[in-house]
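Colleague: Okay, here's the structure, questions in a sec.
The values are calculated or read from the model by the stated rules, or taken from the named source; none is laboratory data. This one's a predicted model, so the numbers in the text were calculated from it and none came from an experiment. Every residue, glycine among them, receives a Cβ derived from its backbone with ideal geometry; neighbour counts consider all protein chains shown. Protein only, heavy atoms only, side chains kept; ligands, DNA and RNA dropped before computing areas. Shrake-Rupley method; radii C 1.70, N 1.55, O 1.52, S 1.80 Å.
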Amino acid sequence: MNKIDSKIPKGPLAEKWTNYKNNQKLVNPANKRRLDVIVVGTGLGGASAAATLGEQGFNVLNFCIQDSPRRAHSIAAQGGINAAKNYPNDGDSVYRLFYDTIKGGDYRAREANVYRLAEVSNEIIDQCVAQGVPFAREYGGLLSNRSFGGSQVSRTFYARGQTGQQLLLGAYSALSRAVNKKQVKLYTRYEMVDLVIIDGRARGIIARNLITGKLERFGAHAVVIATGGYGNAFFLSTNAMTSNGSAAWQCYKKGAYFANPCMTQIHPTCIPVHGEFQSKLTLMSESLRNDGRIWVPKKKEDAEAIRNGKLRPTEIKEEDRDYYLERRYPAFGNLVPRDVASRAAKERCDAGYGVGTTGLAVYLDFADAIERLGKDVVEARYGNLFQMYEKIVDDNPYETPMMIYPAIHYTMGGIWVDYELMSTIPGLFAIGEANFSDHGANRLGASALMQGLADGYFVLPYTIQNYLSDQISVPRIKTDSPEFEKTENEINQRIERLMSIKGKHSVDSIHKKLGHIMWEYVGMNRNEAGLKKAIEEIKEIKKDFWTNVRIPGEGNTLNIELEKALRLADFIEMGELIAHDALDREESCGGHFRTEHQTAEGEALRHDDEFSYVSCWEYKGEDNVPVMSKEPLDYEFIVRQQRNYKS
Amino acid sequence: MDKDINIKVKVWRQNGPKDKGHFEVYPLENISQGSSFLEMLDILNENLINEGKEPVVFDHDCREGICGICSLYIDGHPHGPDEDITTCQLHMRTFDEGDTITVEPWRSTAFPVIKDLMVDRTAFDKIIQAGGYTSVNTGGTPDANAILIPHDQAELAMDAAACIGCGACVAACKNGSAMLFVSAKVSQLALLPQGKVEAAKRAKSMVAKMDELGFGNCTNTGACEVECPKNISISNIARLNREFLKAKFKD
Amino acid sequence: MSWLIKSSIGRKFVQSLSGLFLILFLLFHVCMNLVLIFNYETYNFLANEMLGANWWAIVGTIVIFFGFGVHIIYSIFLTLQNRKARGNIRYESSSKTPATWSSKNMFVLGLVIALFLVLHLYQMWYQMQFKELFMIEGARHDSAQLVEEVFSNIWVVILYVVAFIALWFHLTHGFWSALHTVGWNNDIWMKRIKMIGNVLSAFICIGFIAVAVLMHLGYSNLLA
């Protein structure tokens, strides 16, 4: 039996979601009270889903790894959230937002999902305003919009440089209200460590209480995974320290398909790495590229002098600077999509023109903008980012150009879900960054917030009912069943095994090694030889980890090293799967760039005839190669084009 | 120019809520001034692990100054001796060769220590749960532009909404008062027409919860405002007082 | 009205109102004292005829005592609660957060003022009004002369000056803080209110000190 049925509703694109809602099954209020739903994660997706399901009357259990739901990493998103409101009257529409998202995703996303996303985008803005999210406003009192990531229309709503924070606090306030009304039970400092399946359906989770270190069992009629992406498999990324892919990975190992793992996004404007001890990378909003000009020295000797501290960037004459994005992409210049900008930076640095002490940085220069607009305007637009940069790098960006370098930022791949956001395991749902569905091979700026909230507020609370409607006769799930017993025992054994290794290497040191391999071979530029090498080397790391890791303390108490080790064990396996998927996809598309597949100008070259599919990976056991099946992406409504940012 | 420095860190170690706790002094060599304070602690922990000891437990997550989880009291300041930043944004260039840096957890009855430098701040969640929201369900909301909000009013609300809930205000306050935190949320929502509807009820229930949880009485020392990494103004406290008194006199 | 006791803002509201009331009293008091510099006769008239043992003066006195009482009791109450909220363990690296000295030491300053008050009440009020009210022998009706006698001792003057300086610190924080607590403040008014508070405290304290010092030096009753 093929488990891959995307369940796309029939009918014209614009009517699919309406038709679905008109025909789906609902759960009546009296029955909702009897149904338990577990939501893992409290980011934009998790918090909004938990709050909404609670309001609807379901009994919701919501888990978060931090001390408070308000700390989920959605909070760090800076730029904004897209919606097709067309308030500025510049020609935007639901269709245009849909089209841009599909095109931005390099034609590797599902049409129906993306259209639905664009459709509900407007409601999100209404919802957030009603919650008291202080979006930026014009002097007339109307909402303000800006253009983002090179989009031709201004459709991005924002709250200074803290849009993610404000949206998350909006969802958090809705969640807090639901907690107060006893619609949601909140579990903070809990980490999901496994999924429990009974008779083929997701029926609960085992979570580790991070304070006591004890494992606890929770049963429910459905489980929703909203745990974000797996970017930290690269060790250095813009993700938070606790961001991890383990919840999704446990689901994969329990039978959920993992889709498009190789689709990882690299963000071009991060603060460069400064040393071995670096723990994470800091992202600066892409909006910087609206006014900043990216360049490296034209002459290698200049670049070298800069690296050795003998020359300052301001001393390089205008004619000796290479504004390589403007040179290569005259039409879009510094505003080319993220993947293009990132690769171009790496290309220059690899060719020996990089700056900074490491040679792994390029300049983002505001001198022209300051001259043209005045320092005050630049400060009003980017003041907080400049301040952040100065605190980290100890250099004043008003005077010397900023240094930037690309970093792992977002993962488009994730748990495979159908139109209802349900995975291949009945009763297991995935929303937000944790699923794969809406961004294809590359995500547009200001679309992550949109997707998280769309899934949580407006999609899942509908679609989950279609599943739960035939669960009403199932009594509350008891957690003393053999399935719970067995799953808990497995984790206990895993923990005991880890604790008994008592090796020589710290978790972080092994994670750093994994990160190096991932960045080197599975990062921006991938090729067959490199990926094969990566797979071999990751195997070595896995062996090293399971024989040599050192975890102080006890397994059943608060133990930060054990927490990290459990996550790293999964990251290692994930890294391997990412490499497998990247190896399998012999084309370049979006964030996935295979050097063997590029145009004469060095641009990504898709092979639509062969690779118009979602790769869906199925776990086949510890020592077996996972099996890939394909969900074909038949485009009914859009004609695929090769991306062109030159003219 | 950043150089490498040798320092000592004097860290509070407390093995669980009931443990008495004590300070340990750890010498660290060749710490780059370009590294962040938390990266310095990472190095310390790496050393401790290699020596077979338990690492220092501290809260940290986004490491870019927005999640609000970091909570270290460093050399007499919440978030350390630099302005307008969280602990994770503090860099070692603030310190010099030979310094002994004292690192303590937030000290407040309402924020009990969990382990070492990690404290329990669920009290803040409980305050928000008591009323830090507008009572709207998902869906059925009017168009986002249906109600005009003056630009300056929205900006003022945003100033208050910038709070990251780290608790530095409580840690800095000699009275262990949470007024700055509570007032930021009450102000944000009272300033916006969407939140104004419930402003009176919200002020009352959030203040009641704050009192119940054992936070102190504000005496307007202004220490909170000085240490707030997001520059939340104590004018918000005046506004909270106003909202609260108005509500009480209306009853 | 139980919120005036149970709620933190309620308690501070009471503390603020009583404080503001006491500031008004101090203003009245200092104005009256200044009369001593110019004319004893007028002062005695005010002290004996206007105030003295009249019913309104008695009511006024009770109200003022009540004001002081509430202010002191609430301050003890608030301080104890605040110490509890702060927790048992103090910071090893003592706070280096810049905040005005007076704002951090309101209770200590208040204590100094309260101790001074005991002396002051014994030296002045007990001799003038109390004795008269309770028919104790030796009630003084030549109030101005009594004040002159008291201030003839340099140590008393020094004590008074110290107390007034403490009062100055107390008021510079107390005035704006009280208005802040009753909600009458914002970003724009913050500076103005602090300025008004400083001028007011300076007027009150310099006034009191001037009377004590000038009387000690004999520069009083100038318009007699």
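Colleague: Mind listing the Cα extents of chain C along all three principal axes, in Å, largest one first?
Modeller: Over chain C, Cα extents along the principal axes are 56, 37, 35 Å.
Colleague: On to the next question. Using the per-residue mean of other Cβ atoms lying within 10 Å as a proxy for protection, in what order, highest first, do the peptides A:516-527, C:121-132 fall?
Modeller: A:516-527, C:121-132
Colleague: Let me ask another. About the Cα centre, and with charges only on the beta carbon of Lys, Arg (+1) and Asp, Glu (-1), how big is the dipole of the stretch A:268-408? Nearest 20 debye, please.
Modeller: About 360 debye.
Colleague: What is the Rg over Rh value, at two decimals, for chain A, using alpha-carbon atoms and the Kirkwood definition of Rh?
Modeller: In chain A, Rg relative to Rh is 0.96.
Colleague: Nearest 10 degrees is fine. How inclined is helix C:154-181 to the longest principal axis of chain C, computing both from alpha carbons?
Modeller: Compared with the principal axis, the helix lies near 40 degrees.
Colleague: How many partner chain Cβ atoms sit within 10 Å of a residue's Cβ in peptide A:274-283, on average, as a whole number?
Modeller: Mean shielding count: 6.
Colleague: 222 nm [θ] for chain A, helices only, -39500 (n - 2.57) per DSSP H run of 4+, per residue, to 500?
Modeller: Only helices count here, giving -11000 deg cm²/dmol.
Colleague: Further question: For the stretch B:4-115, what is the per residue volume of the convex hull drawn over the alpha-carbon atoms, in cubic angstrom?
Modeller: Hull volume normalised by residue count: 104 Å³.
Colleague: Leaving ligands, DNA and RNA out of it, work out the accessible area of A:L566 with a 1.4 Å probe and give it in Å² to the nearest 10.
Modeller: Here the accessible area works out near 20 Å².
Colleague: Once the dipole of the stretch A:318-425 is set up with Lys and Arg at +1 and Asp and Glu at -1 on Cβ about the Cα centre, which of A:G383, A:A351, A:Y323 lies farthest towards its positive end?
Modeller: Working it through, the farthest residue towards the positive pole turns out to be A:A351.
Colleague: What ³J(HN,Hα) values, in whole Hz, does the Karplus curve 6.51 cos²θ - 1.76 cosθ + 1.60 give for the stretch A:504-515 when θ = phi - 60°, with x put for Gly and Pro?
Modeller: 10, 9, 6, 4, 4, 5, 6, 4, 4, 4, 4, x
Colleague: Roughly how large is the B-A contact in terms of buried accessible area, totalled over both chains, probe 1.4 Å, nearest 100 Å²?
Modeller: On the way: alone 12990 and 24960 Å², together 31640 Å².
Buried: approximately 6300 Å² between A and B.
Colleague: Starting from the Cα coordinates of the stretch B:146-195, work out the convex hull volume and express it per residue in Å³.
Modeller: Details: hull volume 3.3 nm³, N = 50.
Cα convex hull per residue, to the nearest whole number: 66 Å³.
Colleague: Could you compute Rg(Cα) / (2.2 N^0.38 Å) for the stretch A:483-632, with N its residue count? Before the final figure, lay out each step's value.
Modeller: Values: Rg = 18.3 Å, N = 150, 2.2 N^0.38 = 14.8 Å.
This ratio for the stretch A:483-632 stands at 1.24.
Colleague: What is the local net charge at A:R33, summed over the other residues whose Cβ is closer than 15 Å to its Cβ (Lys, Arg +1; Asp, Glu -1)?
Modeller: +4
Colleague: Once neighbouring chains are kept in place and the probe is 1.4 Å, which whole percent of the accessible area of the stretch B:146-194 is contributed by carbon and sulfur? Don't skip to the end; give the middle numbers.
Modeller: Values: 660 of 1090 Å².
Carbon and sulfur atoms account for 60 percent of the accessible area of the stretch B:146-194.
Colleague: Compute the Kirkwood hydrodynamic radius of the stretch A:370-430, taking the inverse of the mean of 1/r over all pairs of distinct Cα atoms, and give it in Å to one decimal.
Modeller: One decimal place: 15.5 Å for the Kirkwood radius.
Colleague: Just going by the charge dipole of the protein assembly as shown, with Lys and Arg at +1 and Asp and Glu at -1 on Cβ, which of A:N435, B:G21, B:P193 is farthest out on the positive end?
Modeller: The listed residue farthest towards the positive side: B:P193.
Colleague: So what is the accessible area of the protein assembly as shown per residue, in Å², with the probe set to 1.4 Å?
Modeller: Each residue of the protein assembly as shown exposes 37 Å² on average to a 1.4 Å probe.
Colleague: What is the mean number of Cβ atoms from other protein chains located within 10 Å of the Cβ atom of each residue in peptide B:95-103, rounded to a whole number?
Modeller: 1
Colleague: Per residue of A:165-173, what is the mean number of Cβ atoms on other protein chains within 10 angstrom of that residue's Cβ?
Modeller: 5
Colleague: While we're on this one: Heads up, I need the accessible area for A:R307: 1.4 angstrom probe, whole protein in place, Å², nearest 10.
Modeller: Its accessible surface works out to 70 Å², give or take rounding.
Colleague: Angle between the Cα long axis of helix C:187-217 and the longest principal axis of chain C, 0 to 90 degrees, nearest 10?
Modeller: Orientation of helix C:187-217: about 30 degrees from the principal axis.
Colleague: Follow-up. Using unit Cβ charges (K, R positive; D, E negative) and no other charged atoms, how large, in debye to the nearest 20, is the dipole of chain A about its Cα centre? Before the final figure, lay out the partial values.
Modeller: Details: 81 positive and 83 negative charges, 297 e Å.
So the magnitude is around 1420 debye.
Colleague: Hey, another quick one. Tell me the total accessible area that B and C bury against each other, 1.4 angstrom probe, in square angstrom rounded to 100.
Modeller: 3500 Å²
Colleague: While we're on this one: Show me the ranking of peptides A:431-438, B:156-163 by mean Cβ neighbours inside 10 Å, starting with the highest.
Modeller: Descending packing order for the listed peptides: A:431-438, B:156-163.
Colleague: Next question. Is it possible to state the helix-based mean residue ellipticity at 222 nm for chain C, with each DSSP H run of 4+ residues giving -39500 (n - 2.57), the sum divided by total residues, to the nearest 500 deg cm²/dmol? What is it?
Modeller: Mean residue ellipticity at 222 nm (helix-derived): -24000 deg cm²/dmol.
Colleague: Which helices, counted as full DSSP H runs in chain B, have an axial Cα extent of no less than 18 Å and a Kyte-Doolittle average of 1.0 or above?
Modeller: Taking the DSSP H segments of chain B (at least 18 Å long, mean hydropathy at least 1.0), we get none.
Colleague: Quote the accessible area belonging to A:E276 in square angstrom, nearest 10, computed with a 1.4 Å probe and with ligands, DNA and RNA left uncounted.
Modeller: Its heavy atoms expose roughly 130 Å² to the probe.
Colleague: So, with a 1.4 angstrom probe, what is the percent of accessible area on the stretch A:511-647 that is carbon and sulfur?
Modeller: Here it works out to 48 percent.
Colleague: Using Cα springs under 10 Å in a Gaussian network model of chain B, which residue among B:K174, B:K20, B:K115 shows the largest mean-square fluctuation?
Modeller: B:K20
Colleague: If you bin every alpha carbon distance in the protein assembly as shown into 10 Å steps from zero, what whole percent lands in each bin?
Modeller: Calculated P(r), rounded to whole percents: 2, 10, 18, 21, 19, 13, 7, 5, 3, 2, 1, 0.
Colleague: List the residues of the stretch A:176-211 for which accessible area in the full set of protein chains is at least 10 Å² lower than for the chain on its own; 1.4 Å probe, protein heavy atoms only.
Modeller: Those residues are A:S176, A:R177, A:V179, A:N180, A:L186, A:T188, A:R189, A:I211.
Colleague: Considering only DSSP beta bridges whose two residues both sit in chain A, what percent are antiparallel, to the nearest 5? Please list the in-between numbers first.
Modeller: Numbers: 45 of 65 bridges.
Counting DSSP beta bridges with both partners in chain A, the antiparallel share is about 70 percent.
Colleague: How large, in percent, is the carbon and sulfur part of the accessible surface of chain C at a probe radius of 1.4 Å?
Modeller: Summing carbon and sulfur atoms, their accessible area is 74 percent of the total for chain C.
Colleague: Could you tell me the largest-minus-smallest coordinate of the C-alpha atoms of the stretch A:268-408 on each of the three principal axes, in descending order and whole angstroms?
Modeller: Principal extents (largest minus smallest coordinate, Cα): 37, 35, 30 Å.
Colleague: Relative to the longest principal Cα axis of chain C, at what angle does helix C:55-86 sit, 0 to 90 degrees, rounded to 10?
Modeller: Around 30 degrees separate the two axes.
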